[in-house]
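The numbers here are math on the coordinates, done by the rules we state, and not lab data. This one's a predicted model, so the numbers in the text were calculated from it and none came from an experiment. When we count neighbours, we look across all protein chains shown, and the Cβ atoms used for this are built from the backbone with ideal geometry, even at glycine.
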Amino acid sequence: MRTFLIAMLCVLFLSGCKPPSEPLRIGSNRWLGYAPIYLADELGWTASSNIRLVEYPTSNGVVRGLHNGLVDAAMLTLDEAIVLQSTEHNIEIILITNLSAGSDVLYARPNIRTLADLKGKRIAVEGSTLGTYFLAHILDKAQLSTDDIEVVNMPLYMHIEAFNKGTIDASIGTAVVHNQALKTGAAPLFTSRDLREEIIDVLVINRERINPELRERLRALWYSSLETWLEHREKSDVLIQKRLGLDKSALVQALNGMVMGDKALNTVYFDQGELAKRIEIMQTYMLNKGQLKQPIDATLLLPACSGDSC
């Protein structure tokens with residue numbers, strides 16, 4: 001209870017700051033790794049901090065929202081942030097929201113027992129940067145190329161139905177649909193646990209619209225909500241399940257496959273240079289695979305300040 005009260009006071013303190021005339025708009029799709037911002041919205045903390053959550057059905061929608069200036073900040077995967085920066089968007093990563101350590105999954109039919117068995121098979125992939133990035137790693141490990149498989153481009157919410165209809169052989173999805181996938185006869189063949197911190201979710205901002213005070217407000221809201229969730233799981237889980245349309249088993253299954261972005265994790269990534277290193281590794285891979293047209297300056301995605309000035 002003490003932690004909950006501290007979190008509430010923190011948010012009330014932030015809301016006491018002079019707000020901008022228009023709410024700060026954050027774009028996000030319904031992914032469990034972004035749950036703290038959804039919990040904050042359910043508790044009314046976003047409204048009291050003059051923050052508006054703009055929901056999109058897919059990550060592609062979030063990217064378009066930021067690209068078109070419809071949102072001021074966005075929850076994205078690191079590869080999506082790299083692509084946006086490469087097209088000269090003035091964005092900055094201010095927070096690591098979560099690391100995928102098993103929550104991104106390749107599900108396959110029982111007759112596909114090894115990655116090499118994917119040859120000639122139909123693999124459903126949502127047409128996003130992350131789906132393409134994850135598939136490239138799978139093909140590398142299988143020693144296959146895109147010419148060896150048939151890529152079926154479809155939204156994630158259609159994958160289970162496609163399994164049931166027999167129109168796909170494998171699917172790149174998330175652990176949220178684990179139980180549903182098992183009922184179709186599919187099983188996990190490869191997960192993000194097999195990749196060392198390759199799949200990273202981040203909160204990015206448009207530098208031209210968000211000042212240092214708003215940056216700090218966003219971070220404080222995230223940390224307060226995350227702490228409240230972890231300290232009061234029973235009550236918070238109910239709110240998150242309702243908001244994201246998950247049952248308890250789906251929430252637990254997906255959460256077990258991720259590391260949430262608390263202060264300790266963010267300190268390692270920002271203050272100890274881990275994020276800069278990950279950006280360089282990821283963009284090199286994307287360039288080699290033709291997923292990125294030109295290299296970026298990794299420092300342009302990082303805060304150009306330190307300490308309280310950020």
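The figures follow:
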| item | result |
| --- | --- |
| GNM top mover of 132, 174, 87 - the chain, alpha-carbon springs below 10 Å | 87 |
| Ascending count of other beta-carbon atoms within 10 Å, so fewest first, for 38, 157 | 157, 38 |
| DSSP beta bridge pairing in the stretch 104-194, given as percent antiparallel to the nearest 5 | 60 percent |
| Overall dimensions of the chain as given by Cα atoms, namely Rg and Dmax in Å | 19.5, 60 |
| Top of 194, 79, 147 by mean-square fluctuation, Gaussian network on the chain, Cα under 10 Å | 147 |
| Cα centre as origin, Lys/Arg/Asp/Glu Cβ charges: the stretch 20-136 dipole, Debye | 660 debye |
| For the stretch 159-310, convex hull of alpha carbons as volume per residue, Å³ | 166 Å³ |
| Computed lengthening from residue 161 to residue 111, 0.36 nm per intervening residue step minus Cα-Cα distance | 16.1 nm |
| Cα-only radius of gyration and Dmax that characterise the stretch 104-194, units Å | 11.5, 31 |
| Dipole magnitude (debye, nearest 20) for the stretch 104-194, charges at Cβ of Lys, Arg, Asp, Glu | 300 debye |
| Listed residue (78, 125, 199) projecting farthest to the positive dipole end of the chain, Cβ model | 125 |
| Residue-averaged 222 nm ellipticity for the chain, from DSSP H runs of 4+ at -39500 (n - 2.57), nearest 500 | -12500 deg cm²/dmol |
| Rounded to the nearest 20 debye, dipole of the chain from Cβ charges on Lys, Arg, Asp, Glu | 580 debye |
| Residue 187-residue 219 FRET efficiency (beta carbon distance; Förster radius 30 Å; 0.05 resolution) | 0.15 |
| Over 20 Å (Cα to Cα) - which of 121/141; 119/141; 242/263 fall in this group | 242/263 |
| Nonlocal amide H pairs with residue 190, under 5 Å, H built at 1.01 Å | 106 |
| Highest-fluctuation residue, 170, 73, 276 considered, GNM on the chain with Cα pairs under 10 Å | 276 |
| Selected from 232, 96, 66, residue furthest toward positive end of dipole (the chain; charges at beta carbon) | 232 |
| Among beta bridges that DSSP assigns inside the chain, antiparallel share in %, nearest 5 | 65 percent |
